[in-house]
Amino acid sequence: MTQRSDPLSPGLYIVATPIGNLGDITMRGADVLARCDGIACEDTRVTQKLIRHLGISKPLWRYDDHSAPNDRARLVESMREKAVALASDAGMPLVSDPGYRLVIEAKEVGVPVTVLPGANAPLTALALSGLPNDRFMFAGFLPQKEKARRDVLEELAHVRTTLIFFETSPRLVKSLTAIGELFPDREVSVARELTKLYEECRTGSAAALAEHYTAHPPKGEIVLLIGPPVEREASTDDAEAMLRELLETEKASKAAAQVAKATGLDRKTLYARAMEIKDE
């Protein structure tokens, strides 16, 4: 591709960067990096490696979670007269990184914002996993603490989509163990080192994956995916019997919730039937 030499219009340019293989960069992304006035990035060493690969030399300004509000304000002010590219260490900026604050403030003062799509780890992992992809939900990082992690998983238990999380290597087995306890019958995928030489994607039960990664501690960036709830066929007679048994010790709302979780039937419908049974 022949690079253009004409300058870019002032503003903020959000550039998706490679998630592994440096060839992931798009032609348009490389063009903007070559023509911008400077690049705001998470880690200047990572971005320096990319632009060196592209044969580009540009001023690099560090912008990460530790940047002060004054740093962000100066960066936004510079966009009135300069074309500033925003690059994360890997993938699309703003996905689990501080770039969204920069975009908000740029928009507030009327700075033009342009997005250049490209490599994206969650979508790459979803395509590679073989899990249902007609509906999916990206939920960021799972919490580090055990109770908070379990609370998040329980909150998402009834979401009928494939769930996508970022995870770190040291915490992977703990997360898989928690998933196995809550969702023993769901398919789970672990995708790591995406687009790199040792790319891997394993799919199976959470328990089996936890056993594997306990024996073979993983390295690299990880995307963790949980398949949607297994559809269970339950007759109304089965649900009725379960409701009647639970109502001997539980409130109608709790009984309905438990039967809904066990059968996949509608909780509101079950609650209405539970109230009818109590009134008999």
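The values are calculated or read from the model by the stated rules, or taken from the named source; none is laboratory data. Because the structure is predicted, anything quoted here is derived from the model rather than measured. Backbone-built Cβ (ideal geometry, glycine too); neighbour counts: all protein chains shown.
Scanning the stretch 193-214 for residues that are aliphatic (A, V, I, L, M), under 18 Å from Ile179 (Cβ atoms) and surrounded by fewer than 17 Cβ atoms within 10 Å (Cβ to Cβ) yields Ala207, Ala208. Just wondering, is there one or more residues in the stretch 158-167 that are closer than 24 Å to Ala257 by Cα, in contact with a helix residue (DSSP H, G or I) (Cβ under 7 Å, 6 or more places away or on another chain) and surrounded by fewer than 17 Cβ atoms within 10 Å (Cβ to Cβ)? Checked the stretch 158-167: no residue is closer than 24 Å to Ala257 by Cα, in contact with a helix residue (DSSP H, G or I) (Cβ under 7 Å, 6 or more places away or on another chain) and surrounded by fewer than 17 Cβ atoms within 10 Å (Cβ to Cβ).
Taken over the stretch 225-241, residues that are within 37 Å of the chain's Cα centre (by Cα) and at pLDDT below 85 amount to 7.
In this entry, Asp65 passes the filter for residues that are surrounded by fewer than 20 Cβ atoms within 10 Å (Cβ to Cβ), part of a loop (DSSP other than H, G, I, E, B) and without any contact (Cβ under 8 Å) to a residue 40 or more places away in the chain. Report yes if some residue within the stretch 84-106 is farther than 22 Å from Gly220 by Cα and in contact with a Cys (Cβ under 7 Å, 6 or more places away or on another chain); otherwise report no. Yes, the stretch 84-106 contains at least one residue that is farther than 22 Å from Gly220 by Cα and in contact with a Cys (Cβ under 7 Å, 6 or more places away or on another chain). Checked against the criterion of being of a type outside the set (D, E, K, R) and farther than 15 Å from Ala206 by Cβ, the stretch 153-160 contains one or more residues that satisfy it.
Report whether or not Thr214 is among the polar types (S, T, N, Q), more than 30 Å from Gly23 (Cβ to Cβ), under 22 Å from the mean Cα position of the chain (by Cα) and in a helix (DSSP H, G or I). No: the conditions fail for Thr214.
When the stretch 50-62 is filtered for residues that are surrounded by fewer than 18 Cβ atoms within 10 Å (Cβ to Cβ), touching a helix residue (DSSP H, G or I) at 6+ places or on another chain (Cβ under 8 Å) and assigned to a helix (DSSP H, G or I), only His53 remains.
Residues in the stretch 18-38 that are closer than 21 Å to Thr195 by Cα, touching a Pro at 6+ places or on another chain (Cβ under 8 Å) and not in a helix (DSSP H, G or I): Ile25, Thr26. Listed by first and then second residue, the pairs with beta-carbon distance under 6 Å, at least 6 apart or on different chains, first residue in the stretch 157-176 and under 21 Å from Leu265 (Cα atoms), second at pLDDT 95 or above and aromatic (Phe, Trp, Tyr), are Thr161/Phe136; Thr162/Phe136.
For the stretch 9-43, the set of residues classified as modelled with pLDDT under 95 and closer than 22 Å to Val113 by Cα consists of Cys41, Glu42, Asp43, listed by residue number. Do you know which of the residues in the stretch 132-157 that are surrounded by 11 or more Cβ atoms within 10 Å (Cβ to Cβ) and basic (Lys, Arg) is nearest to the chain's Cα centre (by Cα)? That would be Arg149. Considering the conditions (1) among the aliphatic types (A, V, I, L, M); (2) surrounded by 19 or more Cβ atoms within 10 Å (Cβ to Cβ); (3) without any contact (Cβ under 8 Å) to a residue 60 or more places away in the chain; (4) not in a strand (DSSP E or B), Val190 is excluded by exactly one of them, (4). Looking at the stretch 10-49, which of its residues are of a type outside the set (Val, Ile, Thr), within 23 Å of the chain's Cα centre (by Cα) and crowded, with 18+ Cβ neighbours inside 10 Å? Selection gives Tyr13, Ala16, Pro18, Gly20, Asp24, Gly29, Ala40, Cys41, Glu42.
With respect to Thr177, is the statement that it is in the same structural domain as Lys145 (by TED's automatic domain parsing), part of a helix (DSSP H, G or I), of a type in the set (S, T, N, Q) and under 17 Å from Phe141 (Cα atoms) true? Criteria met by Thr177.
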